[in-house]
Amino acid sequence: MVVSVAMGTAIATSLITLSLDIKGKVSRELRAFGANITIEPKVEGFADIAGQKRYLREKDIIKAKTIFWRHNILGIAPFLEEKAKISFQDRKKDVTIVGTWFEKELPLPGEKTTFRAGVSTVSPWWDIKGRTPDKSSVVLGVSLAEELGIKQGEEVLLDGKPYVVSGILSTGGKEDEQVFLDLDVAQELKGLEGAVSRVLVSALTTPMDDFAYKDPATMSRKEYEKWYCTGYVTSIAKQLEEVFKGSRAKPIWHVAETEGNVLERLSILVYLLTAASLLAAALSMSTTMAASLLRRLDEIGLMKSIGADSFKISIIFLSEAFIIGCVGGLVGYAISVGVVKFIGLKVFGAVLEERVLLLPVALVSALLIAALGSLLPIRRALRVKPAVVLKEAR
Amino acid sequence: MEFISVKDVVKEYETAVALRGVDMDVEKGRWVSIVGPSGSGKSTLLNIIGGLDSPTKGSVFIDGVDLGSLSEDAMARFRRENIGFVFQQSHLVPYLTSVENVMLAQYFHSITDEAEAVEALNRVGLGHRLHHRPSQLSGGEQQRVCIARALINSPKILLADEPTGNLDRENTRLILELLKKLHSEEHFTIILVTHDPFVSKWAERLLTMEDGRIIKDEPLYC
Ligand SMILES: Nc1ncnc2c1ncn2[C@@H]1O[C@H](COP(=O)(O)OP(=O)(O)O)[C@@H](O)[C@H]1O
Ligand SMILES: [Mg+2]
């Protein structure tokens with residue numbers, strides 16, 4: 001009996017521990033889906049009508065690490081997109097050139113550490129054959145390179161300036177048609193020092209709930225504060241908007257929503273599994289309890305013959321179940337600590353936090369198992385007629 | 001109506017008929033023996049009088065209360081107020097000591113009182129066996145624990161089913177003398193089932209059963 005309670009408790013407690021930690025871990029893993037917020041220049045009024053281009057400031061990027069949710073900013077990369085002419089031998093073409101950081105360590109203001117930024121932090125799936133571009137080289141999208149018959153190591157002209165092709169990029173998206181340069185190089189080529197046309201951010205977020213979908217403009221002061229200080233993708237976007245001058249930050253909804261759904265389903269799954277394991281343990285407790293009560297029917301008959309009512313007999317057996325529950329709970333907790341460690345290492349390659357807080361959780365679930373598991377058998381055993389068991393010789 | 005009144009009680013089991021219409025009255029404070037061959041229905045009758053079993057037909061009144069009208073829990077309450085049992089097998093809880101077995105009956109009755117339990121064991125001559133488990137006691141000693149337990153809540157009736165069935169002559173005499181002493185002090189009613197003539201003659205009245213009926217009812221003068 002102790003064993004079944006212990007197993008049930010171990011499973012339930014492990015699952016609860018996992019569910020507490022798993023969300024964080026999984027949402028971090030899900031960040032491999034890439035950026036979930038884009039920041040672009042705010043376009044309004046005459047500028048819009050005139051089609052005049054607007055830019056963000058490169059020096060604002062590091063400010064993303066100063067917002068309230070700065071620790072949730074896991075990746076960031078600037079992009080400067082411009083038109084240019086590429087020529088290779090006798091072939092010429094109008095293309096989009098993109099200046100960006102592929103990987104760049106940014107010194108954090110007021111701290112000794114640096115923060116890794118760049119394309120690899122927001123679009124980890126980008127696949128470059130060759131090297132990332134430096135001051136005198138570019139990376140070509142794979143479709144473009146094929147169209148113009150260009151190989152790695154050959155030289156191309158961009159707006160008349162020579163660059164070596166250091167690598168070929170394939171992403172399966174529009175990038176395959178584009179030319180990638182270091183951000184500084186692109187800015188110089190286009191005479192747009194310090195300018196950026198788009199910034200992508202990868203942020204850890206809290207799944208959107210009903211409250212999160214409320215329009216911040218209609219919120220009361222209190223609500224707004226709560227919204228602002230919760231890590232919704234929208235509130236993080238809002239905070240980014242505040243630090244990027246003249247910007248508009250928007251969640252990339254399909255990414256944000258998919259993530260939210262995955263996390264939501266994950267927790268439902270964990271809860272279901274927890275409930276199932278508690279139930280299974282209670283069932284197994286109940287069979288063992290029933291078997292043990294069967295062996296002790298004469299004890300029950302005896303108790304009845306000396307005047308015990310069902311209530312007092314139940315109390316005796318329930319308190320036994322209680323002790324079993326406590327012991328099983330402790331053992332189960334100990335097991336779950338091991339299981340959680342093991343799963344943490346196997347699945348996430350990291351030790352999940354141990355939570356002493358879960359000891360009460362373990363005890364409560366164990367007692368629940370013990371109580372649920374013994375109520376029915378006790379009730380059944382109580383129906384025994386004392387005369388029957390007492391007459392049979394032992 | 002007499003103190004104990006059994007009216008036309010029939011008890012049928014699926015495979016056998018144990019009682020075929022039993023009528024009997026017992027006055028308060030009497031010591032009655034029931035004898036008869038094995039299988040004649042003695043135990044069944046005793047269990048029905050004690051409310052451990054219910055009759056197929058007929059009724060049992062104790063002190064004016066119709067046992068058939070009591071719910072199971074009400075029956076348990078009635079039993080612990082009024083009836084003490086002693087069986088052939090000693091039926092003690094094996095993992096409890098003598099004094100704890102007696103206290104169990106106190107617990108079911110109301111509250112436990114260790115001093116009182118010790119006193120009860122002293123009276124049956126087991127003051128030196130208070131903290132022994134049943135397996136560490138002789139058969140006679142176990143039966144004396146059962147008697148102490150049966151009498152701890154001062155019942156009006158003591159029902160004993162072959163209480164000396166497993167004992168030698170010497171222990172049997174000890175138990176009977178003990179019962180006689182307690183009976184003369186406390187005047188509870190005794191119904192004692194036995195097939196041993198040596199045991200049955202300690203009673204004031206002798207009922208003989210055969211095949212589910214009472215066939216003889218005679219007074220005894222000792
Ligand atoms: N639980 C039972 N189920 C079926 N038959 C029973 C049961 N208890 C007793 N009997 C039958 O009832 C009859 C009377 O039994 P019992 O009262 O134990 O007799 P005694 O105590 O006089 O030996 C016997 O024939 C016995 O086989
Ligand atoms: Mg019998």
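The values are calculated or read from the model by the stated rules, or taken from the named source; none is laboratory data. These numbers were taken from a predicted model, which means no experiment stands behind them. Cβ coordinates were reconstructed from backbone atoms using ideal geometry, including for glycine residues, and neighbour counts include every protein chain displayed. Protein only, heavy atoms only, side chains kept; ligands, DNA and RNA dropped before computing areas. Shrake-Rupley method; radii C 1.70, N 1.55, O 1.52, S 1.80 Å.
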| Gain on full stretching of the segment that runs from A:Leu279 to A:Trp253 - 0.36 nm per residue minus C-alpha separation | 5.5 nm
| query | When all protein chains stay in place, what accessible area (Å², nearest 10, 1.4 Å probe) is found for A:Val361? | reply | 50
| In nm, to one decimal, how far is the modelled label at B:His195 from the one at A:Glu223, with both set 7 Å along Cα→Cβ? | 8.8
| A:Ile62/A:Glu103 FRET efficiency (R0 22 Å; Cβ-Cβ; nearest 0.05) | 0.90
| field | 13 Å reach of a label modelled at A:Tyr213, 7 Å along Cα-to-Cβ, counting backbone N of the stretch A:231-267 | value | A:257, A:261
| task | Please report the Cα spread of the stretch A:183-226 along all three principal axes, rounded to whole Å, starting with the longest. | result | 48, 21, 13
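Can you tell me the length gained on complete extension of the stretch B:His131 to B:Tyr95, counting 0.36 nm per residue apart and subtracting the Cα distance? Don't jump to the answer; show the numbers that get you there.
Working: separation 36, 0.36 × 36 = 12.96 nm, distance 1.11 nm.
So the extension gain works out to 11.8 nm.
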| message | What does the structure give for B:83-95 when I average, per residue, the other chain Cβ atoms found within 10 Å of the residue Cβ? | response | 4
| At q = 0.08, 0.09, 0.14, 0.18 Å⁻¹, what is the log10 ratio I(q)/I(0) for the stretch A:36-251, with the Debye formula run over Cα points and no solvent? | -0.33, -0.41, -0.89, -1.25
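Normalised by the number of residues in the stretch A:36-251, what is the relative contact order in percent for Cα pairs under 8 Å and 6+ residues apart? It would help to have the intermediate numbers written out before the result.
On the way: 442 pairs, mean separation 68.7, N = 216.
Once normalised by length, the contact order is 32 percent.
How high is the FRET efficiency from A:Arg116 to A:Ala291, r the C-beta distance, R0 60 Å, rounded to 0.05? Let's see the in-between values first.
On the way: r = 61 Å, r/R0 = 1.01.
Calculated value: 0.50.
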| field | Cα convex hull volume per residue for the stretch A:60-145 (Å³) | value | 123
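If R0 is 30 Å, what FRET efficiency do you get for A:Glu154 and A:Glu193 from their C-beta distance, rounded to 0.05?
Numbers: r = 29 Å, r/R0 = 0.96.
Efficiency computed from Cβ-Cβ geometry: 0.55.
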| request: Calculate, for chain A, the solvent-accessible area per residue in square angstrom, rolling a 1.4 angstrom probe over the heavy atoms of the protein chains. | output: 50
| query | So how much accessible surface do A and B hide from each other in total, probe 1.4 Å, in square angstrom to the nearest 100? | reply | 2300
| said: Suppose each label sits 7 Å from its Cα in the direction of the beta carbon; what would the B:Glu14-A:Tyr271 distance come out to in nanometres? | reply: 4.7
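Beyond 21 Å, what share of the Cα-Cα pairs of the stretch B:1-74 remains, rounded to the nearest whole percent?
Working: 633 of 2701 pairs.
Looking at the stretch B:1-74, the distances longer than 21 Å represent 23 percent of pairs.
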| field | Flagged links, alpha-carbon separation over 18 Å, of A:Lys104/A:Lys135; A:Lys214/A:Lys250; B:Lys28/B:Lys216 | value | B:Lys28/B:Lys216
| query | Using a basic spin-label model with each label point 7 Å from the Cα along Cα→Cβ, how many nm lie between A:Asp94 and A:Ala371? | reply | 7.6
| message | I'd like the distance separating the alpha-carbon centroids of the stretch B:143-195 and the stretch B:62-112, in whole Å. | response | 15
| chain A: D in µm²/s via Stokes-Einstein (Kirkwood Rh, Cα pairs, 25 °C, 0.890 mPa s)? | 94
| When you count, for each residue, the other Cβ atoms within 10 Å and take the mean per peptide, how do A:190-199, A:327-336, B:12-21 rank with the highest first? | A:327-336, A:190-199, B:12-21
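Once you have a ≥ b ≥ c as the square roots of the Cα gyration tensor eigenvalues for chain B, tell me rounded if a/c is under 1.5, and otherwise prolate or oblate according to whether a/b is larger than b/c. All intermediate terms of the calculation are to be shown ahead of the outcome.
Values: a/c = 1.73, a/b = 1.39, b/c = 1.25.
Here chain B falls in the prolate category.
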| note | Using the Cα gyration tensor of the stretch B:18-126, the equivalent ellipsoid's semi-axes, largest first and to the nearest Å, work out to 28, 18, 14
